[in-house]
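Below is one structure, written out as C-alpha cells; the observations come after it.
The values are calculated or read from the model by the stated rules, or taken from the named source; none is laboratory data. Because the structure is a prediction, the values reported are computed rather than measured. Every residue, glycine among them, receives a Cβ derived from its backbone with ideal geometry; neighbour counts consider all protein chains shown. When the accessible area is computed, the model is the full protein with side chains, heavy atoms only, and any ligands, DNA or RNA have been set aside. Shrake-Rupley method; radii C 1.70, N 1.55, O 1.52, S 1.80 Å.
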Amino acid sequence: NYDQTFNKVHKVGALVKAEWSDYEASKYNQLLTAIPKRYNSYSSRFSYSYDDTYMAEFNMGYTGSERFAPGNRFGFFPSGAVGWVVSEERFFEPLKPWFSKLKLRYSQGLVGSDYANNRWLYMSEFSKDGNGHIVEDKIANSSVQWEQAMKRDLGIEMGFLNDELHLSVDLFDEKRDKMLISVDNTTPMWIGNTSKELNKGKIKKHGIELELSYRKQLNKDWTVFLGGNFSFNENRILY
C-alpha cells in the first residue's frame, strides 16, 4: 500500500493485493468432495487527486476460478473513475455558504462472476447409481468462461447551508452478458442428457437513486439527523 502527498496538493495512492483461497469443505460435511475449492485473485488500485478538486482512480482485477478450463480460468476486470469537486473552484465562492458543496463523479468498470450450480463446468463426472450402473452427470462445457457485467454510474453530490442539508443523485446502468445459465433444450433428445451451464444469458438494467439528509449540531451533546432515500431500477431479460 502507498499513500503520499506532494507539495500539499498532489495526492497519490496505490495498492497491490494478491489472494489465494484453498477451502476444504469435507471438514464440515463428509458428503462433500474432499478436493479443496481453490481461487486466486490479483488486484491493484491507483489514485490521484489535485488540491482535493480533481480526482481519478483506476482499478484492475485478475481472478482465477476452478470452474473453468485452464485456457479460460482467469478473467481480467478493469475499472476507472473520475471526480470534480466544483465547489472548490474559485468561481464557486459567491454561492457559499448556502450552496456549500457540488461534486460530480463518473465511474465505469467490468466485473465478473463464476456462479453456477455445477462445480467443474469443463469436466464430465461419473458415478454409480443405486443399481451399480455407471452414469454420467450433465455434459461438460469445455469452452465455458467468466460471466461479465459492464457497469456505469453518474453521480451528483450537493450540500446546502454549510452541508447541513445534503442531496445525492446517482444514475446507473448495467449490461451483463455471457451469463452462466442452465438451458435444458440445447442437446437433442436422443443424447439422453443435458449440458452444464452455458454462457448464454443476457440482461440489462438501469435506474436512479436519490438520497436526502439533514444533520444539525444543536450543541456539544445533541445532534439532529433526518434522512430518506428513493430508488428505482428496471431489469430486462434479453436472453
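General observations
- Of the accessible area of the chain, computed with a 1.4 Å probe over protein heavy atoms only, carbon and sulfur atoms account for 56 percent.
- Using the Cα coordinates of segment 39-127, the gyration tensor eigenvalues translate into equivalent-ellipsoid semi-axes of 46, 13, 7 Å, sorted from longest to shortest.
- Counting Lys and Arg as +1 and Asp and Glu as -1 over every other residue whose Cβ lies under 15 Å from the Cβ of R105, the net charge comes to -4.
- Ordering of 219-230, 58-69, 7-18, 149-160 by packing [mean C-beta count within 10 Å, highest first]: 58-69, 149-160, 7-18, 219-230
- Probe 1.4 Å, protein heavy atoms only - accessible area per residue of segment 50-204 in square angstrom: 58 Å²
- Net lengthening on full extension, F99/R119 (0.36 nm per residue, minus Cα-Cα): 1.8 nm
- Taking packing as the residue-averaged number of other Cβ atoms within 10 angstrom, the listed peptides 140-147, 74-81 run from highest to lowest as 140-147, 74-81.
- The computed percent of Cα pairs over 34 Å apart for the structure shown corresponds, within (1) 12; (2) 21; (3) 41, to (3).
- As a calculated quantity, the FRET efficiency between N233 and E136 at R0 = 30 Å, using C-beta atoms, amounts to about 0.15.
- Using C-alpha pairs under 8 Å with a sequence gap of at least 6, the mean separation divided by the residue count of the chain gives a relative contact order of 12 percent.
- Note on K138: lysines with a C-alpha under 19 Å away, same-chain residues under 8 apart excluded, are K128, K196, K200.
- More than 17 angstrom apart: percent of Cα pairs within segment 154-199: 64 percent
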